[in-house]
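Colleague: The structure's right below; bear with me while I get my questions together.
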Amino acid sequence: MLTYRTARHGGALHKVPAPGTSLRCSACGFTTPGSREEQATFVCKNPDCGWSGNADWNAARNILHLYRMGHALTPAAGRAVVRRPRGVKPATAR
């Protein structure tokens, strides 16, 4: 559904490897298994950092960082959706 809607609005969808992004601090990069104290709360266990905030927001920042660093995988599978007036066939079918 995300691929369809992104293509419909002229955007591009890229897959980014997400494993570990919810355990990595988006402020300092420190990764530890105990950083998610609750489902919605992230607390960095790095003594020099101590950043805390929403866990989903933290993971989203990490995914954005991976994308900006060029770690995006191939563009997500899916085909572009082109809206044509009703009754008009594509050029290849004519």
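The values are calculated or read from the model by the stated rules, or taken from the named source; none is laboratory data. All values reported here derive from a predicted model rather than from experimental measurement. Cβ atoms come from the backbone with ideal geometry, glycine included; neighbour counts cover every protein chain shown.
Colleague: Mind telling me which of the residues 57, 51 ends up being aromatic (Phe, Trp, Tyr), surrounded by 11 or more Cβ atoms within 10 Å (Cβ to Cβ) and within 16 Å of the chain's Cα centre (by Cα)?
Modeller: Values: 51 fails: within 16 Å of the chain's Cα centre (by Cα).
Exactly one of 57, 51 is aromatic (Phe, Trp, Tyr), surrounded by 11 or more Cβ atoms within 10 Å (Cβ to Cβ) and within 16 Å of the chain's Cα centre (by Cα), namely 57.
Colleague: Residue 21 - would you say it is surrounded by 13 or more Cβ atoms within 10 Å (Cβ to Cβ), hydroxyl-bearing (Ser, Thr, Tyr), under 20 Å from the mean Cα position of the chain (by Cα) and at pLDDT below 85? Working first, answer last.
Modeller: On the way: surrounded by 13 or more Cβ atoms within 10 Å (Cβ to Cβ): yes; hydroxyl-bearing (Ser, Thr, Tyr): yes; under 20 Å from the mean Cα position of the chain (by Cα): yes; at pLDDT below 85: no.
Here the answer is no, as residue 21 does not meet what is asked.
Colleague: Okay, moving on. So, in region 60-76, of the ones that are among the hydrophobic types (A, V, I, L, M, F, W, C) and part of a helix (DSSP H, G or I), which residue ends up surrounded by the fewest Cβ atoms within 10 Å (Cβ to Cβ)?
Modeller: Here is the first cut: in region 60-76, the ones among the hydrophobic types (A, V, I, L, M, F, W, C) are 60, 63-64, 66, 69, 72-73, 76.
Within this subset, residues satisfying the condition of being part of a helix (DSSP H, G or I) are 60, 63-64, 66.
On the way: 60: 15, 63: 18, 64: 13, 66: 17.
Out of the qualifying residues, it is 64.
Colleague: Let me spell it out: the conditions are (1) surrounded by fewer than 15 Cβ atoms within 10 Å (Cβ to Cβ); (2) assigned to a helix (DSSP H, G or I); (3) at pLDDT 80 or above, and residue 92 meets all of them except one. Which number is the exception?
Modeller: Among (1) surrounded by fewer than 15 Cβ atoms within 10 Å (Cβ to Cβ); (2) assigned to a helix (DSSP H, G or I); (3) at pLDDT 80 or above, residue 92 violates only (3).
Colleague: Filter region 1-58 down to residues that are assigned to a loop (DSSP other than H, G, I, E, B) and of a type in the set (S, T, N, Q), then give me how many there are. If you could, list the steps in order and put the result at the bottom.
Modeller: Our first condition is that a residue be assigned to a loop (DSSP other than H, G, I, E, B); within region 1-58, this holds for 1, 9-13, 15-23, 25-30, 32, 36-40, 44-51.
When the remaining residues are screened for being of a type in the set (S, T, N, Q), the result is 21-22, 26, 32, 39, 46.
Of the residues in that region, 6 qualify.
Colleague: Return the pair list, or none, for Cβ contacts closer than 7 Å from residues in region 24-38 that are over 11 Å from residue 50 (Cβ atoms) to residues that are of a type in the set (S, T, N, Q) and modelled with pLDDT of 85 or more, at least 6 apart or on different chains.
Modeller: Every condition considered, the pairs that remain are 24/31; 24/62; 26/58; 26/62; 36/22.
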